[in-house]
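Participant: Here it is: the structure, laid out below.
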Amino acid sequence: MLKSAHNFLGALQRFALPLFVGLAIGLMVLSRIDNPTVVNVRAELVDVLAPVIDVMSRPTAAIENTVSQIEHFIDVYEENAVLRAENERLLHWQSVARQLDAENRQYSALLSTVVEPREAFVTVRIIGMSSGAFVKTAIVNAGRNDGIQVGQAVTSAEGILGRVIEVGSRSARVLLLTDLNSRVPVMVQQSRAPAVLAGDNSDVVSLVFAADGAAIAVGDRLVTSGEGGLLPPGLPVGVVTGREGGVWRVRLFADPARVEYARVLDYALPGLLPAAREAGAAGELW
Amino acid sequence: METAVRRIRQALVATAPLLSSLVLVLLGSVPLYAGHIGAVMPQLGIAAVFYWTIYRPDLMTYRAAFAVGLVADIVSGAPLGSTALAVLVVRRIVLAQRRYLIGKPFQVLWTGFLVAALAAAAVSWCTASLYLFRLIDVGPLLVRTVMAMVMFPAVAWLLARCQVMLPMPRAITLQRG
């Protein structure tokens, strides 16, 4: 009995390399076909590791906070002058916005416009970041227990970061806009020209499916179009920086590598929701 | 009592390479909240497997290396098995070359790591290109390899401190034949 066990372990030792290489390739194939068991097991394992990563990320956050505080302290005089000027400009914009808001309400009432649903949100902390050859994703410290669901948009103060693709009970994985698999329906804020924003695992993203001769120009601001019903329309995305090889390049407003706290939006579009969520989970709408 | 303490100590020694590698994998996935430096963070697990395969191949087995790679895949969101495959290749290469690396000046070790990291990057590039059905950009992978080179001295120093705390390998090597 003992001898046969020993023989078995010896054989295992001898064939360890081909065995584990085979196992690795098998797991990759299962990941490729989006095997639900693999997806679930991974989400649960991230859940187990999330508290550890959370604790590990605290010191880096503290160091980064201290460094930025020192930087702010050094720049306080110039920053104050800049902020005063900006405040004056913004006060002017505030009065313009109030006036436009009042006008908008009046016109909406006259036309009996359907009111857009307002989104609820959960504030989360980004505790993990990966930038390998395969994916650009982040891990956040909230999951199913906090109401996070697959397909929800994740934004920072500057703009949209990505969307939730995997949910555990207390952690979730976010597919960043720069990921190869990320496709987000957007439009030019001024001309309303629609396009799809696609990542390619590099730091720049590009516009695909933009109509020929569409009203897009360098410097145009892009916002989410809300097509497909998964994302709220009007979230700031980025700015068009140029055209390379017939493709418009975009610089994103939000840099996920700098963000510590983000919001996960629950955009509830009545009626459309369940079907849209399922399609989103399967990656068809994206 | 004494045997219990010795057993616990032995268990700690036996798992130290695996645990230290896993800690490095998790540390490597922590965001730095500082912009582009964070975006090119290398896979520190490969450096750990490289180090332990040279100095304690009896404790950094294929099974342990596979576990390190698998945890890296789970945390990073990469396809399960992809980093594990790269790490297995690193262990195989280092195992064949360790007698040229062991006991040599640090520069030799560093150069050896460059070769291992490039091999890992090549494996990652091949598997990613096959997996995604397109030739992926080599640039980010090379930047990450350079970052891994830059960070290797710090990683090696940390692991060397960890290794000093372990008893000499003789007893365990003999036990495992």
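The values are calculated or read from the model by the stated rules, or taken from the named source; none is laboratory data. The structure displayed is predicted, hence computed values, not measured ones. Quick note on the areas: whole protein, heavy atoms, side chains included, nothing else; ligands and nucleic acids left out. Shrake-Rupley method; radii C 1.70, N 1.55, O 1.52, S 1.80 Å.
Participant: With N set to the residue count of the protein assembly as shown, report its C-alpha Rg divided by 2.2 N^0.38 Å to two decimal places. It would help to have the intermediate numbers written out before the result.
Facilitator: Numbers: Rg = 25.6 Å, N = 463, 2.2 N^0.38 = 22.7 Å.
The protein assembly as shown yields a ratio of 1.13.
Participant: HN-Hα J couplings of region B:122-132 from phi, Karplus 6.51/-1.76/1.60, θ = phi - 60°, integer Hz, Gly and Pro as x?
Facilitator: Karplus values, whole Hz, x for Gly and Pro: 5, 4, 4, 4, 4, 5, 5, 5, 5, 5, 8.
Participant: Sorting A:Glu227, A:Glu260, A:Glu103 by accessible area (1.4 Å probe), largest first, what list results? Intermediate results must be reported in sequence, preceding the final value.
Facilitator: On the way: A:Glu227 120, A:Glu260 35, A:Glu103 70 Å².
Order by accessible area, largest first: A:Glu227, A:Glu103, A:Glu260.
Participant: Also, I was wondering about something else. Give me Rg/Rg_expected for region A:120-286, where Rg uses Cα atoms only and Rg_expected = 2.2 N^0.38 Å with N residues.
Facilitator: Working: Rg = 15.1 Å, N = 167, 2.2 N^0.38 = 15.4 Å.
Scaled against compact globular proteins, the figure is 0.98.
Participant: So how exposed is A:Asp255, as accessible area in Å² (1.4 Å probe, rounded to 10)?
Facilitator: 50
Participant: Continuing with this model, one more query. Show A:Asp101, A:Asp203, A:Asp179 ordered by accessible area, largest first, where the area counts protein heavy atoms only and the probe is 1.4 Å. Show your work: numbers first, answer last.
Facilitator: On the way: A:Asp101 70, A:Asp203 95, A:Asp179 0 Å².
I get A:Asp203, A:Asp101, A:Asp179, largest accessible area first.
Participant: Leaving ligands, DNA and RNA out of it, report the carbon-plus-sulfur percent of the accessible area of the protein assembly as shown at a 1.4 Å probe.
Facilitator: Values: 15810 of 24890 Å².
With neighbouring chains kept in place, the figure for the protein assembly as shown is 64 percent.
Participant: To test your reading of the geometry: what angle, between 0 and 90 degrees and rounded to tens, separates the Cα axis of helix A:76-111 from the longest principal axis of chain A?
Facilitator: Once rounded, the angle reads 80 degrees.
Participant: On the full set of protein chains, 1.4 Å probe, figure out the accessible area of A:Thr241 and give it in Å² to the nearest 10.
Facilitator: 80
Participant: For all pairs of alpha-carbon atoms in region A:53-111, what percent lies in each bin of width 10 Å, listed from the first bin to the last filled one?
Facilitator: Bin by bin from 0 Å, the calculated values are 19, 21, 20, 20, 17, 3.
Participant: Check A:Arg163: other-chain or 5+ apart residues with amide H under 5 Å from its amide H, H built from backbone geometry?
Facilitator: A:Val154, A:Leu175
Participant: Provide A:Arg105, A:Arg263 ordered by accessible surface of protein heavy atoms (probe 1.4 Å), highest first. Write out the running numbers ahead of the final one.
Facilitator: Working: A:Arg105 160, A:Arg263 110 Å².
Reading off the accessible areas and sorting them downward yields A:Arg105, A:Arg263.
Participant: Taking the full set of protein chains and a 1.4 angstrom probe, give the accessible area of A:Val250 in square angstrom, rounded to the nearest 10.
Facilitator: So the heavy atoms of A:Val250 present about 0 Å² to solvent.
Participant: Karplus couplings for region A:221-232 from phi (6.51 cos²θ - 1.76 cosθ + 1.60, θ = phi - 60°), rounded to Hz, Gly and Pro as x?
Facilitator: 8, 10, 10, 5, 8, x, 5, x, x, 8, 10, x
Participant: Related question: In percent, how large is the relative contact order of chain B, given Cα pairs closer than 8 Å and 6 or more residues apart? Display every interim value, and only then the final one.
Facilitator: Numbers: 181 pairs, mean separation 43.5, N = 177.
Relative CO of chain B lands at 25 percent.
Participant: While we're looking at this one, here's another question. Which value in deg cm²/dmol, rounded to the nearest 500, describes the helix-derived mean residue ellipticity at 222 nm for the protein assembly as shown, given -39,500 (n - 2.57) per DSSP H run of n ≥ 4 and division by the residue count? Could the numbers behind the result be given before it?
Facilitator: Details: 13 runs with 251 residues, N = 463.
Helix contribution divided over all residues of the protein assembly as shown: -18500 deg cm²/dmol.
Participant: From the phi of every residue in region A:177-188, what ³J(HN,Hα) in whole Hz does the Karplus formula 6.51 cos²θ - 1.76 cosθ + 1.60 yield, where θ is phi - 60° and glycine or proline is x?
Facilitator: The phi angles translate into 4, 7, 5, 4, 8, 7, 9, 10, x, 10, 8, 6 Hz.
Participant: Quote the total accessible area buried by chains B and A together, excluding ligands, DNA and RNA, probe 1.4 Å, nearest 100 Å².
Facilitator: Numbers: alone 10480 and 18360 Å², together 24890 Å².
In total, chains B and A hide about 3900 Å² from solvent.
Participant: Any idea what log10 I(q)/I(0) is at q = 0.10 Å⁻¹ for chain B, Debye with uniform C-alpha scatterers and no solvent?
Facilitator: -0.39
Participant: On to the next question. For region A:44-163, what does the alpha-carbon gyration tensor say about shape, rounded, prolate or oblate, given a ≥ b ≥ c as the root eigenvalues, a/c under 1.5 as rounded, and a/b over b/c as prolate? List each step's numbers first, then the result.
Facilitator: On the way: a/c = 3.17, a/b = 1.27, b/c = 2.49.
Judged from the Cα gyration tensor, region A:44-163 comes out oblate (a/c at least 1.5, b/c at or above a/b).
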